[in-house]
Amino acid sequence: MPLQSSAGPCPNARPAAKDALRPRRLPPSLAVLTIVILLASCVYGQTASTGALAGMTLDPSGAVLPGVSIDLVNEETTETQSTASDEEGRFGFVLLSPGTYG
């Protein structure tokens, strides 16, 4: 005996929602986690291994002192670097290892 169905859709079927075809948004916490994971690899490669120091040589009245010899000593290793201020009193040290200097 063949099965007969009533005219109409299945009684348990749901009508399609308007928003069913819209792309879904990520929950905010998942979006933040995704960004943190992506940025972590960028930050990992940015480890500082050297520093720099720049300044000006001035007398007590604030006048520029050109040609002054400046020594910078790493207190842990006793490594010394020397430079002289330029005609405008500026000086600089680059590629300094991490540490305490005096």
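Inside segment 46-102, can you point out the residues that are in a loop (DSSP other than H, G, I, E, B) and among the aliphatic types (A, V, I, L, M)? Result: ALA48, ALA63, LEU65, VAL68. Going by the conditions given, is THR78 more than 30 Å from the chain's Cα centre (by Cα) and in contact (Cβ under 8 Å) with a residue 12 or more places away in the chain? It is false that THR78 is more than 30 Å from the chain's Cα centre (by Cα) and in contact (Cβ under 8 Å) with a residue 12 or more places away in the chain.
Of all residues in segment 10-49, exactly one satisfies the criterion of being touching a Pro at 6+ places or on another chain (Cβ under 8 Å) and at pLDDT 75 or above, namely SER49.
The values are calculated or read from the model by the stated rules, or taken from the named source; none is laboratory data. No experiment lies behind these values; they were computed from the predicted model shown. Using ideal geometry, Cβ is built from the backbone for each residue, glycine included, and neighbour counts are taken over all protein chains shown.
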